[in-house]
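Asks: Pasting in a structure now, in structure tokens, and then I'll have a few things to ask.
Derivation of every value follows stated rules applied to the coordinates shown; laboratory data play no part. Quick caveat: nothing in here was measured; it's all calculated off a predicted structure. A quick note on method: Cβ atoms are made from the backbone with ideal geometry, for glycine too, and the neighbour counts reach across all protein chains shown.
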Amino acid sequence: MLKDFCKCKITNSFKFEADFSADPIWCNVCGWNLDIEDFPLSDKLQEELFEWVSEYGKWIDLEADSLIENGLKLVENHNEKGFQLFQEVKKQLGEQFPIVFVPSKY
Ligand SMILES: [Zn+2]
């Protein structure tokens, strides 16, 4: 149970999802973006998470607002890597922090 994390008084439901310039852990109740430093994750894993998030959206051509060539493959790879990281996150967080994986859509 975590208090004063987000708009919820108490939340014990989290989701793992990449977005532009955001930490990959969110409150699954109010949708608030949470600070991964507040979670009991190893420094190494946090670094890997930042790296993974920084790759988010590379499949989007922002000017044309469409997928780049091979974009689908990039999304797939990113989701695959994300799922691996999610497993590790889940393991390190333990039962106190129920978390679900939300893959990127395209
Ligand atoms: Zn919340």
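Asks: Looking at Ser54, Ser66, Ser42, Ser13, which one is more than 16 Å from the ligand (Cβ to nearest atom), out of contact with any Leu (no Cβ under 7 Å at 6 or more places or on another chain) and in contact (Cβ under 8 Å) with a residue 24 or more places away in the chain?
Replies: Of Ser54, Ser66, Ser42, Ser13, the one residue that is more than 16 Å from the ligand (Cβ to nearest atom), out of contact with any Leu (no Cβ under 7 Å at 6 or more places or on another chain) and in contact (Cβ under 8 Å) with a residue 24 or more places away in the chain is Ser42.
Asks: Output the number of residues of region 16-39 satisfying the condition of being within 13 Å of the ligand (Cβ to nearest atom) and either in contact with a helix residue (DSSP H, G or I) (Cβ under 9 Å, 6 or more places away or on another chain) or under 23 Å from Tyr106 (Cβ atoms) (or both).
Replies: Summing the residues that are within 13 Å of the ligand (Cβ to nearest atom) and either in contact with a helix residue (DSSP H, G or I) (Cβ under 9 Å, 6 or more places away or on another chain) or under 23 Å from Tyr106 (Cβ atoms) (or both) in region 16-39 gives 5.
Asks: Continuing with this model, one more query. I need the full set of residues from region 68-106 which are part of a loop (DSSP other than H, G, I, E, B) and surrounded by 12 or more Cβ atoms within 10 Å (Cβ to Cβ), in order please.
Replies: Ile68, Phe97, Pro98, Val102, Pro103, Ser104, Tyr106
Asks: Can I ask one more? What are the residues in region 50-67 that are within 13 Å of Ala18 (Cβ to Cβ) and outside any strand (DSSP E or B), if any?
Replies: If the condition is that a residue be within 13 Å of Ala18 (Cβ to Cβ) and outside any strand (DSSP E or B), then Phe50, Glu51, Trp52, Val53, Ser54, Glu55, Tyr56, Gly57, Lys58, Trp59 are the ones that fit.
Asks: For residues that are in contact (Cβ under 8 Å) with a residue 40 or more places away in the chain and among the acidic types (Asp, Glu), tally how many sit in region 16-39.
Replies: The number of residues fulfilling the criteria is 1.
Asks: Here are the criteria: (1) in a helix (DSSP H, G or I); (2) more than 12 Å from the chain's Cα centre (by Cα); (3) closer than 19 Å to Phe5 by Cα. Tell me which single one Val29 does not satisfy.
Replies: Of everything listed in (1) in a helix (DSSP H, G or I); (2) more than 12 Å from the chain's Cα centre (by Cα); (3) closer than 19 Å to Phe5 by Cα, Val29 misses just condition (1).
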